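K.L.:
Sending over a structure as structure tokens; questions will come in a sec.
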Amino acid sequence: LTFNIDKLLSRGSGVSIRGHASQMDLSSDGEQISYTTPIMSGLQAAVSYAPNGRESFDGFETTASTIDSNIFAASAKYTGKAGDIGYRFGGGYTTSEEGAVTKEDDAQWMVGAAITQGPYQLSASFNKREEANTGTVSTVDESDTISVGFKMSMGASTYSLAYSNTEASSEVAAVDGDNTSVFVLAMRRSLGKGVKWHNTLYYLDSENGGPTLAVEGNDGFALTTGIQVKF
């Protein structure tokens, strides 16, 4: 729920400066090679390359004529401290060559930062997916995602509050202005060595941008709870 910049690369060649909802991924489970540098004076970087993204998360392979190829990703982070305040910030970029005929290449980028003082942590990130056209028609809308989060630790308990908003900008009237907001409130408590109890409350609000659509939006709540045991 709170910003964690420790892991630069996620599965595939997706750049992940991990946060509330900020993750970029173009290769899914496709085979890839990556390199992460050692931390030098607080600075660390990573690069990744995948020949294609044919294999998906569910194990199925997409049609060869539509898969992305030459998927490249790069990211960097810097971690430092000023007095009792810790901070870290970073950014990442990923792109690929589109397999579909006449479709523009995919591209995404993101930046993020977090500040920590004692038991408190404040974080924020921004993620942009670039618009892509197939011929003269917009087939992938541009979308901007802003995420913010706050975490507080009190004894054996940790409380988190996060908010994420994604808005689409498109030449297609029915898509332009589509907006999705997610609120997350969570509590985690240590019950003993290796045992943690967690509860998370979600609220999602989705609104369609097209004023003539029959369904203008949707919203709902979800609650999860569980106990994690580590040996």
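K.L.:
How do the pairs read when you match residues in region 129-140 that are under 21 Å from residue 109 (Cα atoms) and open to solvent by 50 Å² or more (accessible area, probe 1.4 Å) with residues anywhere that are basic (Lys, Arg) and modelled with pLDDT under 75, using Cβ under 9 Å and keeping only pairs 6 or more apart or on different chains?
P.N.:
139/103
K.L.:
Which residues, counting only those in region 114-127, are farther than 19 Å from residue 163 by Cα and open to solvent by 80 Å² or more (accessible area, probe 1.4 Å)?
P.N.:
117 - this is the single residue of region 114-127 that is farther than 19 Å from residue 163 by Cα and open to solvent by 80 Å² or more (accessible area, probe 1.4 Å).
K.L.:
Give me the residue from region 69-89 that is within 18 Å of residue 125 (Cβ to Cβ) and polar (S, T, N, Q) and, out of that set, surrounded by the fewest Cβ atoms within 10 Å (Cβ to Cβ).
P.N.:
The selected residue is 79.
K.L.:
Also, quick follow-up: Please find, among 111, 101, 148, the residue that is open to solvent by 50 Å² or more (accessible area, probe 1.4 Å) and outside any strand (DSSP E or B). Give the steps one after another, and end with the answer.
P.N.:
On the way: 111 fails: outside any strand (DSSP E or B); 148 fails: outside any strand (DSSP E or B).
Of the residues listed, the single one that is open to solvent by 50 Å² or more (accessible area, probe 1.4 Å) and outside any strand (DSSP E or B) is 101.
The values are calculated or read from the model by the stated rules, or taken from the named source; none is laboratory data. As the structure is a computational prediction, the values presented were derived from the model and not from experiment. When we count neighbours, we look across all protein chains shown, and the Cβ atoms used for this are built from the backbone with ideal geometry, even at glycine. When the accessible area is computed, the model is the full protein with side chains, heavy atoms only, and any ligands, DNA or RNA have been set aside. Shrake-Rupley method; radii C 1.70, N 1.55, O 1.52, S 1.80 Å.
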